[in-house]
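Everything below concerns the one structure shown next.
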Amino acid sequence: MKDTSRRARLAWSLAAWWLLLTLALWSLGEAVDQPAALPRCAASAALLVAVGELGAWLRRRTARRRG
């Protein structure tokens, strides 16, 4: 697989996760009658995606070192 197609697939995957988390956080806030602004939900979702990707990268790196 080409490196550009791998990067494109990763970018689409991250964008999809970010969008899903943004909508989930926003709808959860609406459901519990404590609505938050959509930009704030988007920022929180971006932070969650970044932390998740960092954790996945660290897990892959330590697995590579062990075996």
Considering (1) exposed (fewer than 10 other Cβ atoms within 10 Å of the Cβ); (2) under 12 Å from the mean Cα position of the chain (by Cα), say which one Arg64 fails and leave the rest. (2)
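Return the residues of the stretch 1-41 that are outside any helix (DSSP H, G or I) and open to solvent by less than 80 Å² (accessible area, probe 1.4 Å); say none if nothing qualifies.
Start the filter on the stretch 1-41 by keeping residues that are outside any helix (DSSP H, G or I), which leaves 1-2, 32-37.
Across the stretch 1-41, the qualifying residues are Ala36, Ala37.
The values are calculated or read from the model by the stated rules, or taken from the named source; none is laboratory data. Since this is a predicted model, take the numbers as computed values, not measurements. All Cβ positions, even for glycine, are placed from backbone atoms using ideal geometry, and neighbour counts span all protein chains on display. Ligands, DNA and RNA are stripped out before the accessible areas are found, and what is left, the full protein with its side chains, is counted by its heavy atoms. Shrake-Rupley method; radii C 1.70, N 1.55, O 1.52, S 1.80 Å.
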